[in-house]
1. Which loop-located chymotrypsin sites (Phe, Trp or Tyr not before Pro) does segment 1-101 contain, where loop means any DSSP state but H, G, I, E or B and the Cβ has at most 16 other Cβ atoms within 10 Å?
2. How far apart, in nm, are two points set 7 Å out from the Cα along the Cα-to-Cβ line at Gln95 and at Ile13?
3. Considering only DSSP states other than H, G, I, E and B, which GluC sites (Glu not before Pro) in segment 24-78 qualify as loop sites with at most 10 other Cβ atoms within 10 Å?
4. Checking the a/c ratio against 1.5 first, then a/b against b/c, what shape does the Cα gyration tensor give for segment 1-77?
5. Given 0.36 nm per residue, what is the gain on full extension from Gln66 to Gln112 after removing their alpha carbon distance, in nm?
Amino acid sequence: MDLDESFINKNQIAGSIRQQLAQDMSNYGYEIMSSLVTDLSPDAGVKRSMNEINASKRLKEAASHQADADKVKQVKAAEAEAEARYLSGVGVARQRTAIVSGLKGSIAEFEQQGEGRSERGRLGLFFSRTRCVFFRSFLQSTASRRKTLWTFYF
């Protein structure tokens, strides 16, 4: 029985002591009715060792809980990042769908307005206009690149 079990099983120890004393003292005419174990007091070094062992167990358990918490945080962060990327992809897909829809409408409008022109001429005019609209909006949003892009493009 180790020291921790001794503290837990004081009543069993008291019963064992009573039996042994009753047996030994019956030879002298004494009857032992009960025995009481009030306190177990190990050596100071043993107490210190026990405290260190208990502290070590608590630190180990705390480290395990901290590792579990870190794992949960990483999993949640990865899930959030995956969701953000998914939603970004959905947004890009919707944006491209809107662009294609707009291009279809513009082409249909050009076809109606461009009666008498060749198909190649209508598409060339359409793409030139689309390119100009794109660069105008791009240059408005990126003022610092304006000079470089204008000299590159024109």
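Bear in mind that the values in this text are calculations on the coordinates, not laboratory data. These numbers were taken from a predicted model, which means no experiment stands behind them. Quick reminder, even Gly has a Cβ in these numbers, built from the backbone with ideal geometry, and neighbours come from all protein chains shown.
1. Hits after loop and neighbour filter: Tyr30.
2. My value for the distance between the label points is 7.5 nm.
3. Details: sites: Glu31, Glu52, Glu61; in loops: Glu31.
Within segment 24-78, the qualifying GluC sites (Glu not before Pro) (loop, at most 10 other Cβ atoms within 10 Å) are Glu31.
4. Numbers: a/c = 6.80, a/b = 3.53, b/c = 1.92.
Prolate.
5. Details: separation 46, 0.36 × 46 = 16.56 nm, distance 6.86 nm.
Between Gln66 and Gln112, full extension yields 9.7 nm more.
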